[in-house]
Amino acid sequence: MITTMTEEIKTWEAERIRQDQIDRYLKRGRDFIPDDEIEARLAGAVCPDASWVREILAKAMEIQTLSPDETAALLAVRNPELWREMEEAGAKIKNKVYDNRIVTFAPLYLSNHCVNNCAYCGLRRDNEVIHRNRLTQDEVRAETEALAGRIGHKRLIVVYGEHPDSGLDYITETMRTIYRVKVKTRRGWGAIRRVNVNAAPMAVEELKELGSAGLGTYQVFQETYHKKTYARLHPKGTLKGNYLWRLYSMHRALEAGVDDVGVGVLFGLGDWRFEVMALLYHAIELEAAMGIGPHTISFPRMEPAANTPFTASSRHQVSDADFQRAITVLRLAVPYTGMILTARENAAMRRSLMPLGITQTDASSRIKVGAYGEADQPAQEGDRQQFQLGDTRSLDEVVRELAQMGYITSFCTAGYRCGRTGKCIMDLLRSGQEGKFCKLNAVLTFREWLDDFASPETKVAGEPIVEREIGEIRARMPKVLEQFMDHYRRTSGGERDLYF
Ligand code: SF4
């Protein structure tokens with residue numbers, strides 16, 4: 001029986017990778033990450049003088065992608081005053097493109113079976129201490145009801161291990177189950193309105209099906225772009241051991257019409273400066289080859305995981321100070337992109353990193369499969385999850401803290417439902433136009449959330465933010481004011497999901 005199962009998995013694995021869907025994107029047989037060139041640029045970069053740094057910052061402020069030389073120069077800055085200027089420029093860019101909004105979401109792990117054996121991952125195939133589980137459709141529904149009805153999320157990143165049990169059919173079925181859930185709330189009703197997916201690389205045909213099931217953003221992180229490091233951590237013969245199949249995931253997604261793609265690295269595997277440069281190369285390649293850059297960049301830092309010694313022994317652990325530098329340079333290098341900070345970081349770290357230009361963050365996160373329905377269980381159990389989270393605070397606490405810091409939490413999911421995705425959203429973001437729609441939708445969705453889910457303390461923190469935003473709409477957007485106020489009044493009266 002076991003042999004049969006193993007054979008079935010092997011047959012499935014053998015058919016996953018489509019070499020033709022790698023080769024067609026190569027240029028003269030080469031990929032777009034020239035390891036030697038990146039290393040040479042980093043080694044050759046000298047600390048730039050202040051006037052050059054300011055020229056680079058001015059370019060980033062125009063929402064133009066920086067060049068590799070400019071990015072390498074920023075990474076070589078030593079003067080703390082210049083780093084402060086860079087951080088301030090990053091904050092201004094974020095405000096120019098995304099205003100003072102922070103979008104929130106929750107991760108939802110649906111299956112932790114995996115055929116891969118990544119050295120840093122608690123869910124790797126050979127890790128026998130992990131309890132494996134895959135949710136049934138009823139369990140998916142229960143998790144969604146907890147997220148949309150009790151906690152108040154509107155947007156999920158749904159996570160699946162790479163395994164035939166959680167292949168394309170399971171992914172699309174679970175997405176549809178999630179979208180069907182509608183739950184009564186205090187004043188209205190709750191539902192998940194955007195399902196983003198973090199799953200293994202897929203072929204173009206599969207990605208088209210994923211798009212038809214209502215995919216929001218498709219995330220595949222390269223983990224490390226450094227080829228020798230990648231080969232060391234992802235054993236040869238496993239699916240994930242194929243660097244190029246993973247590297248061209250986003251090309252295939254864009255070819256399939258999936259407009260919003262999310263790239264990322266796991267900081268702690270390789271040299272952090274190399275990874276920052278490589279993320280920039282990836283953005284430049286997508287812009288040039290596919291006409292659209294990454295919708296988001298994620299930069300999780302490696303955290304401890306059960307029975308996973310590599311997480312403690314890596315010589316490339318990224319210090320808090322270097323992590324801050326990495327985020328600062330990424331914000332400047334790819335100024336239009338969304339930047340996702342996760343609950344891997346503890347609350348204090350999240351507070352300090354948020355002003356560097358973060359646009360999205362998760363809250364009330366649980367990464368055990370089936371965890372949201374178990375409100376009475378511990379937030380974390382090492383032998384049921386991929387890694388340890390640093391911040392398990394509730395969404396209510398995070399929303400309150402963001403409000404106290406001056407941010408409005410946006411639950412807006414209108415963009416992709418109105419066709420504002422891909423190149424369209426990129427152009428709107430670069431020109432500062434998207435902010436107009438988003439401001440209106442942020443206020444409407446924040447109103448919904450305060451009325452449906454906020455604790456009394458969070459309402460106290462949130463109401464002045466709503467007032468301030470409405471004041472800005474009144475002052476800056478008179479043409480839409482009447483329509484906006486109509487939507488706002490109806491939302492306050494209990495109508496839901498009104499958007500621009
Ligand atoms: Fe599987 Fe992803 Fe973990 Fe690798 S990182 S073992 S692919 S779940």
Quiz item: Thr308 fails exactly one of the following numbered conditions: (1) hydroxyl-bearing (Ser, Thr, Tyr); (2) in contact with a Phe, Trp or Tyr (Cβ under 8 Å, 6 or more places away or on another chain); (3) in a helix (DSSP H, G or I). What is the number of that condition?
Solution: (3)
Self-check item: Residue under evaluation Ala119, criteria (1) within 16 Å of the ligand (Cβ to nearest atom); (2) open to solvent by 20 Å² or more (accessible area, probe 1.4 Å); (3) closer than 30 Å to Thr458 by Cα; (4) not basic (Lys, Arg), criterion not met
Solution: (3)
Exercise. Tell me, yes or no, whether segment 473-482 has at least one residue that is hydrophobic (A, V, I, L, M, F, W, C) and exposed (fewer than 13 other Cβ atoms within 10 Å of the Cβ).
Key: yes
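I'd like to check which strands (runs of 3 or more DSSP E) are fully inside segment 165-267 and have at least 1 residues that are open to solvent by 10 Å² or more (accessible area, probe 1.4 Å) and polar (S, T, N, Q).
In segment 165-267, 194-198, 215-219 are the strands (runs of 3 or more DSSP E) which contain 1 or more residues that are open to solvent by 10 Å² or more (accessible area, probe 1.4 Å) and polar (S, T, N, Q).
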Quiz item: Of all residues in segment 483-500, how many are surrounded by fewer than 13 Cβ atoms within 10 Å (Cβ to Cβ) and among the charged types (D, E, K, R)?
Solution: 2
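Just to check your reading of the model, which residue among Val369, Val329 is at pLDDT 95 or above, open to solvent by less than 30 Å² (accessible area, probe 1.4 Å) and not in a helix (DSSP H, G or I)? So that I can check it myself, show each step before the final result.
Values: Val329 fails: not in a helix (DSSP H, G or I).
Result: Val369 is the single residue among Val369, Val329 that is at pLDDT 95 or above, open to solvent by less than 30 Å² (accessible area, probe 1.4 Å) and not in a helix (DSSP H, G or I).
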Practice problem: All but one of (1) within 16 Å of the ligand (Cβ to nearest atom); (2) surrounded by 18 or more Cβ atoms within 10 Å (Cβ to Cβ); (3) in a loop (DSSP other than H, G, I, E, B) hold for His153, so report the exception by its number. | Solution: (1)
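Based on what the data block shows, is Val97 on the phi < 0 side of the Ramachandran plot, within 23 Å of the chain's Cα centre (by Cα) and at pLDDT below 95? Reasoning before the result, please.
Values: on the phi < 0 side of the Ramachandran plot: yes; within 23 Å of the chain's Cα centre (by Cα): yes; at pLDDT below 95: yes.
It is true that Val97 is on the phi < 0 side of the Ramachandran plot, within 23 Å of the chain's Cα centre (by Cα) and at pLDDT below 95.
Is it the case that Ala148 is within 15 Å of the ligand (Cβ to nearest atom) and in contact with a Lys or Arg (Cβ under 8 Å, 6 or more places away or on another chain)?
Numbers: within 15 Å of the ligand (Cβ to nearest atom): no; in contact with a Lys or Arg (Cβ under 8 Å, 6 or more places away or on another chain): yes.
When the stated conditions are applied, Ala148 does not pass them.
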Quiz item: Filter segment 126-139 for residues that are closer than 25 Å to Met175 by Cα and open to solvent by 40 Å² or more (accessible area, probe 1.4 Å); which is nearest to the ligand (Cβ to nearest atom)?
Solution: Arg132
Quiz item: Wholly within segment 3-117, which helices (runs of 4 or more DSSP H) include no fewer than the required count, namely at least 2 residues that are closer than 25 Å to Val197 by Cβ and of a type in the set (A, V, I, L, M)?
Solution: none
Self-check item: Residues satisfying the stated conditions in segment 59-116, i.e. within 16 Å of the ligand (Cβ to nearest atom) and either among the hydroxyl-bearing types (Ser, Thr, Tyr) or open to solvent by 20 Å² or more (accessible area, probe 1.4 Å) (or both)
Solution: Tyr109, Ser111, His113, Cys114
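The values are calculated or read from the model by the stated rules, or taken from the named source; none is laboratory data. What you see is a predicted model, and the numbers here were worked out from it, not measured in a lab. Cβ atoms come from the backbone with ideal geometry, glycine included; neighbour counts cover every protein chain shown. In case anyone asks, the SASA skips ligands and DNA or RNA and just uses the protein heavy atoms, side chains included. Shrake-Rupley method; radii C 1.70, N 1.55, O 1.52, S 1.80 Å.
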